[in-house]
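The values are calculated or read from the model by the stated rules, or taken from the named source; none is laboratory data. Since the model is a prediction, treat every value here as computed from it, not as a measurement. Cβ atoms come from the backbone with ideal geometry, glycine included; neighbour counts cover every protein chain shown. The area values use the complete protein model at the heavy-atom level, side chains included, leaving out ligands, DNA and RNA. Shrake-Rupley method; radii C 1.70, N 1.55, O 1.52, S 1.80 Å.
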Amino acid sequence: MLPLHNNINAFKMKRTKIADLLAEEKHGYEVVVKGWVRTFRSNRFIAINDGSTINNIQAVVDFDNTDEALLKRVTTGACVSVTGELVESLGKGQKYEIQVSAIEVLGDADAEKYPLQPKKHSLEFLREIAHLRPRTNTISAIMRIRHNVTYAIHKYFNDNGFYYINTPIITGSDAEGAGEMFTVTNFDLNNIPKDENGAINYKDDFFGKQTNLTVSGQLEAELAAMALGQVYTFGPTFRAENSNTTRHLAEFWMIEPEVAFADLDENMDLAESFLKYVIKHVLDNCQDDLAFLEARLLDEEKSKPQAERSEMKLTEKLQFVLDNNFVRLSYTEAIEILKRSKPNQKKKFQYLIDGWGADLQSEHERFLVEKHFKCPVILFDYPKEIKAFYMRQNDDGKTVRAMDVLFPGIGEIIGGSQREERLDVLKEKMKDFNIPEEEMWWYMDTRRFGTAPHSGFGLGLERLVLFVTGMGNIRDVIPFPRTPDNAEF
Ligand code: ATP
Ligand code: MN
């Protein structure tokens, strides 16, 4: 065998991961397992988890022949290394266990102080200890699924001929942001340079102009698509929106493909095929974690009134999305349906729909998806006033080639459009939106030099992870959530 440092394909350690052990066909040999103690029962059975799978391995100790002081240190949360023989387990629900011959405590966990006891903790409580919550079944399952979602996203784009482009995180353009942006500065905040009119002198700031954290990589992705054809970005985005909802974060990860020569129909095809691919990847590769989350949800549902219970189990819901075409519906048709809908007639919507032009709220989106069509929906051709300046104008002069993909339980999961590739129309739109041309000269250059029809969209990673895990709050599907008044850890 080659020495480890010469073997570029394998990373092997002396300890065996529990996931690998449980997948083994053979037993009856010595193994070393390292992980964190979940429980220690009857001075005999240690349940150990090492994060490689939702499943624990049971290590069985011979109490009479083990140092008692050492066993006292085997408490919930402690980190241990156990050596012993892998044997078939007689206990139900587990294939193997370890007959311990040696045990070492790598890290003690003061049983009085360790906050994660072997009982059910609320998700709210776990958010307060986000540094420890990956040690719970729920959060670790979500994090493994999140990883698989991320991997599937890169794989989908790679296999379909897209290039991964890194767009800037610090940006000098605020065309998209309109007030939702975080400023980036190295000014001494107690002594900000101002001019004689009291306006901030951004010329003296680090970049010589006002800069912000990006809210989207789209504009730069468009530049790349006009050279490389098919690209995507996948990076952090930041929005200082003070909406304290279960679907908004101040820092989230966004995936933004941009495709030259694609029209809106092809953009919708891409979005649908992409979402289905990622969901299928999770169904195929995260079975244990999905089964755990599904059982957890069923349990949670029991405490809800019948009418609010979901009709489908988690995996059924995911399979349903794969098996059905997304409904494609124009904004105008959607407004007609919403106007005539029961909750609108009976004034149950918080925002009543009285006519064409209204911006759709999440209650309307969810009505269409969950009550009316009972299926993912792609809405397109929105009024130009409620959508961004770069969206391609339709011949009716009233609508733009925008699309939103709406998912059950989530509402908007993707927002996208065919982009305005005509320089004269774009200039008009920028005037209407008060966007100064001199700030966007680089964006307009792509329309000046070799412009082409192109389309793209933005998917919020956490909204997709919310959907595939069946969780209800976006704060639970990102390791360390940033929301108004919260940037701990
Ligand atoms: P919403 O109406 O839900 O606030 P948006 O119209 O502001 O969404 P876009 O600007 O189109 O969203 O962003 C593209 C995608 O990014 C959205 O479809 C959504 O999946 C995700 N997204 C937007 N804002 C957030 C946020 N604050 N936290 C997490 N994901 C977000
Ligand atoms: Mn928003």
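Exactly one condition in (1) open to solvent by 30 Å² or more (accessible area, probe 1.4 Å); (2) more than 30 Å from V425 (Cα to Cα) is false for V321; which is it?
Failed condition: (1).
Could you say whether any residue in the stretch 383-395 is among the acidic types (D, E), open to solvent by 40 Å² or more (accessible area, probe 1.4 Å) and in contact (Cβ under 8 Å) with a residue 40 or more places away in the chain? Please lay out each step first, then the result.
First, the residues of the stretch 383-395 that are among the acidic types (D, E): 385, 395.
So of that shortlist, the ones also open to solvent by 40 Å² or more (accessible area, probe 1.4 Å) come out as 385, 395.
Adding the requirement that they be in contact (Cβ under 8 Å) with a residue 40 or more places away in the chain leaves none.
Within the stretch 383-395, none of the residues are among the acidic types (D, E), open to solvent by 40 Å² or more (accessible area, probe 1.4 Å) and in contact (Cβ under 8 Å) with a residue 40 or more places away in the chain.
What tally of residues in the stretch 286-303 results from selecting those that are outside any helix (DSSP H, G or I) and exposed (fewer than 13 other Cβ atoms within 10 Å of the Cβ)?
1
Conditions (1) surrounded by fewer than 12 Cβ atoms within 10 Å (Cβ to Cβ); (2) in contact with a strand residue (DSSP E or B) (Cβ under 8 Å, 6 or more places away or on another chain); (3) among the acidic types (D, E), marked per residue:
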position: T211; (1), (2), (3): no, yes, no
position: L219; (1), (2), (3): no, no, no
position: E222; (1), (2), (3): no, yes, yes
position: G229; (1), (2), (3): no, yes, no
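Filter the stretch 340-363 down to the residues that are touching a residue at least 12 places away in the same chain (Cβ under 8 Å) and open to solvent by 70 Å² or more (accessible area, probe 1.4 Å), then identify the one that is nearest to ligand 1 (Cβ to nearest atom).
This residue is D359.
Specify which of the listed residues (N197, N186, N191, N244) is exposed (fewer than 12 other Cβ atoms within 10 Å of the Cβ) and under 18 Å from the mean Cα position of the chain (by Cα).
Going through N197, N186, N191, N244 in turn, the sole match is N244.
For the stretch 403-421, check the following and say yes or no: at least one residue is in contact (Cβ under 8 Å) with a residue 40 or more places away in the chain and more than 16 Å from ligand 1 (Cβ to nearest atom).
no
Go through (1) open to solvent by less than 70 Å² (accessible area, probe 1.4 Å); (2) over 39 Å from the mean Cα position of the chain (by Cα); (3) not charged (D, E, K, R) for I18 and report which single condition fails.
Result: I18 fails condition (2) only.
Quick one: is E439 away from ligand 2 (no atom under 16 Å from the Cβ), open to solvent by 10 Å² or more (accessible area, probe 1.4 Å) and without any contact (Cβ under 8 Å) to a residue 12 or more places away in the chain? Step through it out loud before you land on a result.
Working: away from ligand 2 (no atom under 16 Å from the Cβ): yes; open to solvent by 10 Å² or more (accessible area, probe 1.4 Å): yes; without any contact (Cβ under 8 Å) to a residue 12 or more places away in the chain: no.
Considered against the rule, which asks whether it is away from ligand 2 (no atom under 16 Å from the Cβ), open to solvent by 10 Å² or more (accessible area, probe 1.4 Å) and without any contact (Cβ under 8 Å) to a residue 12 or more places away in the chain, E439 comes out as no.
Of D432, D424, D404, which residue is on the phi < 0 side of the Ramachandran plot and buried (at least 21 other Cβ atoms within 10 Å of the Cβ)?
Step by step, each of D432, D424, D404 is checked, and only D404 is on the phi < 0 side of the Ramachandran plot and buried (at least 21 other Cβ atoms within 10 Å of the Cβ).
Does the stretch 274-314 hold any residues that are among the polar types (S, T, N, Q), over 18 Å from the mean Cα position of the chain (by Cα) and modelled with pLDDT of 95 or more, and which are they?
Selection gives Q287 alone.
Which pairs do you get when a residue that is without any contact (Cβ under 8 Å) to a residue 60 or more places away in the chain, found in the stretch 287-303, comes within reach of a residue that is not polar (S, T, N, Q), reach meaning Cβ atoms under 8 angstrom, with the pair 6+ apart or on two chains?
So the pair list comes out as L298/K313; E301/R309.
Which of the following residues is open to solvent by 50 Å² or more (accessible area, probe 1.4 Å) and in a strand (DSSP E or B): R328, R366?
Checking each option against the conditions leaves just R328.
Within the stretch 108-123, how many residues are open to solvent by 70 Å² or more (accessible area, probe 1.4 Å) and more than 16 Å from A47 (Cα to Cα)?
4
Can you tell me which of (1) open to solvent by less than 40 Å² (accessible area, probe 1.4 Å); (2) outside the structural domain of F457 (by TED's automatic domain parsing) is the one V259 doesn't meet?
Of the numbered conditions (1) open to solvent by less than 40 Å² (accessible area, probe 1.4 Å); (2) outside the structural domain of F457 (by TED's automatic domain parsing), the odd one out for V259 is (2).
Within the stretch 272-279, can one find any residue that is without any contact (Cβ under 8 Å) to a residue 60 or more places away in the chain, crowded, with 16+ Cβ neighbours inside 10 Å and more than 15 Å from ligand 2 (Cβ to nearest atom)?
Checked the stretch 272-279: at least one residue is without any contact (Cβ under 8 Å) to a residue 60 or more places away in the chain, crowded, with 16+ Cβ neighbours inside 10 Å and more than 15 Å from ligand 2 (Cβ to nearest atom).
Is there a residue in the stretch 66-78 that is within 27 Å of I142 (Cα to Cα) and loosely packed, with under 13 Cβ neighbours inside 10 Å?
Looking through the stretch 66-78, none of the residues is within 27 Å of I142 (Cα to Cα) and loosely packed, with under 13 Cβ neighbours inside 10 Å.
If D284 passes every condition in (1) under 29 Å from Q361 (Cβ atoms); (2) away from ligand 1 (no atom under 16 Å from the Cβ) but one, which one does it miss?
(1)
Go through the stretch 231-240 and count every residue that is within 13 Å of ligand 1 (Cβ to nearest atom), in a strand (DSSP E or B) and either open to solvent by 20 Å² or more (accessible area, probe 1.4 Å) or touching a residue at least 40 places away in the same chain (Cβ under 8 Å) (or both).
Initially, the stretch 231-240 is screened for residues within 13 Å of ligand 1 (Cβ to nearest atom), giving 233-240.
Still in the list and also in a strand (DSSP E or B): 233-238.
Right, trim to either open to solvent by 20 Å² or more (accessible area, probe 1.4 Å) or touching a residue at least 40 places away in the same chain (Cβ under 8 Å) (or both) and you get 233-236, 238.
Looking only at that region, the number is 5.
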